[in-house]
1. Could you state the number of Å between the C-alpha centres of the stretch D:93-150 and the stretch B:9-79?
2. With respect to the axis carrying C onto B, what is the closest chain C residue by Cβ position, and how many angstrom separate it from the axis?
3. For the protein assembly as shown, state the semi-axes of the equivalent ellipsoid (square roots of 5 times the eigenvalues of the alpha-carbon gyration tensor), sorted largest first and rounded to whole angstrom.
4. Defining the label point at 7 Å along Cα→Cβ, can you sort the distances from residue B:223 to the same site in each other copy, shortest first, in nm?
5. What's the Cα-based Rg to Rh of chain A, Rh via Kirkwood?
6. With a ≥ b ≥ c the root eigenvalues of the C-alpha gyration tensor of the stretch A:167-218, is it rounded (a/c under 1.5), prolate (a/b larger than b/c) or oblate?
7. For the stretch C:119-265, just say rounded, prolate or oblate: build the C-alpha gyration tensor, square-root its eigenvalues into a ≥ b ≥ c, call rounded for a/c under 1.5, and beyond that prolate if a/b exceeds b/c, oblate if not.
8. Tell me what the protein assembly as shown gives for mean residue ellipticity at 222 nm when only DSSP H runs of n ≥ 4 count, each as -39,500 (n - 2.57), the sum divided by the residue total, rounded to 500 deg cm²/dmol.
């Protein structure tokens, strides 16, 4: 298994990072993911917008002094002038800074790996899409859950017709960590996520709802048409939603429900997807990611295991180790990076961006922002139905 | 444990049954439930509206020939005239016949155990409520899932404040048995449930949605105010909904989602309730009924077991056997019957109906019909929000 | 499903009971089991060897005064003289009284339902076997776990060759309720089970080990040849084993392990059986009894559900309700009773005892006593290998 | 969480590898593990004893041509002469080559990371222990399951007295991948593991039994005194055991069972440990490694999650990401590497080897070999009891 991943040849791609300095969570995840398959070497960073922290963070990571930046604009400009300048940048800042950073690097022809939601407005997302296309820059969005092998297996089974026409999609992303007013305790992760000026208009719908929304579409291939969203801020004083109930209608008649919550005590990172078709059904949970449960219409439920006897090529391509040896979150995240590497190497050779990887990109970013906007708009209209923009 | 149930003294209550003849599923369940705790003796029946089947069914059950009826009206009249006439009747017909049967027996002062949904219209439900009250007749509705010990445990924990103020309720009742057009194959259970003239206006929302709706209210004590329901008949040609997505708003600000489906392949009888409060959360599944999962806001998830060290009085009262010896569906159903017996014996002594049992009654029946009506009305208005009648 | 059970015709068999008075656990279980399918009517009892308790217990159960006995010998004699005397007796006393009681009733030609282990010595077991045969009396042993539908399914799959030749059997029966010195607290259930004069030579191996041993043989059809058993009494002062580690060798070369414990904190009634053959494997757990997990050698693990699409005739015959509606311990116990009824009715018509039921009998009782004896003998010889008597 | 791991400073340790060339499984695992936390840089290798494969493997990994070796003796000698020579070597060959390789590098004062079982004889293991001590070389054994955070949590809970005195240990390591004669199909992994000349005297007991044995001791701190082992080669023609049933006796009176199998269809990598003490019990499974189930003697079972509210310092030190984001096999393996780095850096500063890491070492290697030897000896004596050498 995992021939695709194992076959990675040297040399590694030169990687820069914007955000992800000391105290950040996701920056470290990106670095471990970039390292796992040995496709990237971190050589430059604008790791914080605070000069002291940017410097300390860069030193801790062993960056050369002249490649530790405070300003990402300066980093983009200077790296583009170096012979050994970065080939790709990871943008892992809070949401509101994604757009400006991405814009600066695309201008320099540097490939992009960016956290979601990609921007705070649809116009910005559209603008990035146009820029990336015209600059022939690869734009990878870290909808990392698409990097789990059994998510690929699910997607392949839907594509292969094993479920028949999809009728119902049940997606949920439940967490409990914001069930109390954590943002007042100095917890950095809670602070920016509950602050509209940094997180954007969506609270839980932006932070985790976009993942659930993306996963549903990624696996089923369904296009969302309209939704009704009932958002709440259950924790007193909170300015963004911490719970959302959403009904979905997809093109072609499938229906869905999405529940997203950060006040759901008992859930840690409870992303779950269930898909029901005419011929079968699938059930997958992020916290138990090596298993995919499949029920054919007239048979017993089967537990398909990663690298096991019924796991096909789509999952094998991003598996590293045998069945029964659990791969987790970092491996899934790393698969996004490794596919990004393949995409970038292809782009460097002038290949069209369409290829054999299934990594989320700027189009998914646009759809995610459209989802957040639709949720907020629906909620402001009494949780009634609104259409998503495309 | 189970002192309440174990202490049942003779003699047994004389029971009649309307419906539940050969070929019916739920009639046999009622009889086993009635038998388990030895509180009832079946002595009369109008088991079918078809004379032949009524006779054969009665003989098979060993009823005396003069107490096998074809007409429930006749049964009500004649039994009321006997010294050894029935004290209570179980009404287990398809939904559309509940009202007339209940009316006939209440008129004779005979206590009622009735399947849900109680009637097909709100007016009928209201009428039965008034009649039962004025006749001082006990009216028990077999929302049988309320008879599971761990449902009682959950209810007691909410009442005891262990969850704090409830914020979110997630209820689902998923089945897959109608994912194909079973009603055309001669399957009696599928036929009447998909026929508006017998099942009423609700398909899955009536048959199983009422259970999910009731369970949510039973455990949390929350009063539903409004809902938005998106109903589908995914199987071509089906006249009633086989899938429903419902968003709920409860008095006081709690929100809920209910998913009910009979096309959800992979689910057999997948009733699940999850409740999230400020201080803790609960998770219970009908298919694994002896466990209740509880997470306090700052602690690990705990598995509370029926008759185990953290199961309290409310569950112990309806437990029969020690922890680890699973009680199932029939035991839960039997607990409804045993509580009905207690209620009836109390009524026979002239006690007020308020007592220490927690058995669902005609009020719950009214609410269930209101739920169905609201779902259908919302759906016909584009799945927009409507208020429930009370 | 469940036609066999549903088809039970009146009149009911007249049942007596020895033991099972107030304070007993298993007596109530037998009565509920006897009642569930309406095959038996309890009409007589020697419910306690203490006169007061025998009387009070009989009254509470509504027995006629002249059929409440203190002495089982008297009961056997007098009931045999009545035209309406009992046809079958349930013996639910502590172990040491099984033999004398069984002997008394067999002498009168009364059929026997008896708890396990059947006797405290092999000679007694052999004697009962001979007596029952010569008196043409049905002798049913309540190895109740054989009454679970999915145990029947497992047995049928082994018999049908779906596992191929069996290689390995892993059985365990773990409980935690005796992890402290409960027998000193007045707990009746703990007292007699830890007292060699009442329980016999085996503690956990007798009380629960016999169940695990029987289940392994019942499902696989394998004949145990020898074993090595390492017994412990971990709780200070306890006189019988509360934990046993046993290695098994079966005829034909299969090997097994049995773990039995009553000091295994965290387990309530943790009976589990796993069987591995050349072509597939099975996994079943008593606490989750409606599921049987099957893995074919080259495929994914499948969850076979009671009354589900892959459950065959053997399980259907003792199922009462549809898939997803859990049947539990009492239903499984009741199936033993219902099969006993079929056996007795057959015997009453002069049919040979061989028939289509799969209910454990006196042969299984003998094997169970041989198992206990072998465990104790092996342990006394340094936990070395000994052969089982047959 | 994970401060220990996050704080790793540059520069990285220079790493060599013996074995692990193309076609090997575990070599790639070691490299990913070494990379994840950025503590090591692979700079030299004798990746195969076949010259062509050694060269191709080294090139694929980007090693400098002069640091690709065919002979590990040459590698040890030449690397020791370089200023930039390797500081540590990973030995990932089949078992029979561990000793000679380890000896060669210890002689040069190069630190060792070695796969298990450490050697094929006790004398060799003893010799390595003496050599490592005298050369002040760190010797880390990749009992990688000790690198799972929840294994550390379990160990800390036992050490902290939360279970009281341990009574019973149940360990099992079940796999099904050798249930058929895979070694005849050209499968490299199956070939050497079933060949006594390469794998040593133990089949499943050596390959996976040593892991189960080590894990039991690692978590409980118990010292094994004697065992009885019944080994089988169920697959016709197989020369080493593929199933083993083992009863254990530990110093102080605790008892254990170990089941190890490679013919257990349905298990992929089923390592499970359950520990029962006077005050509580623990349950952990490798395939679901982020959870540890704990039951206190008088309470409900609790699910302790990695990085969750009840996970303590011992697990937090080797956690990288928040609760609910599953860490898997590679992360656990990487923790062994990161602790090895800490140990080596300490040794380089002249610190005593005793420190705050809990990484398995040469002593564990000796015990593992003693375990294999005892199993084989017991089995050859009729599966009777033998003492382990220490």
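1. Centre-to-centre (Cα) distance: 78 Å.
2. So the chain C residue sitting closest to the axis is C:328, 2.
3. Details: eigenvalues 665, 391, 125 Å².
Value: 58, 44, 25 Å, ordered largest first.
4. With the label placed 7 Å along Cα→Cβ, residue B:223 yields 4.6, 7.1, 7.3 nm.
5. Result for chain A is an Rg/Rh of 0.96.
6. In terms of gyration-tensor shape, prolate.
7. oblate
8. Values: 52 runs with 536 residues, N = 1560.
Only helices count here, giving -10000 deg cm²/dmol.
Since every read-out is calculated from the coordinates, none of them should be taken as a lab result. Here the structure is a predicted model, which is why all the values come from computation and not from measurement. As a convention, Cβ positions derive from the backbone with ideal geometry for all residues, glycine included, and neighbour counts pool all protein chains shown.
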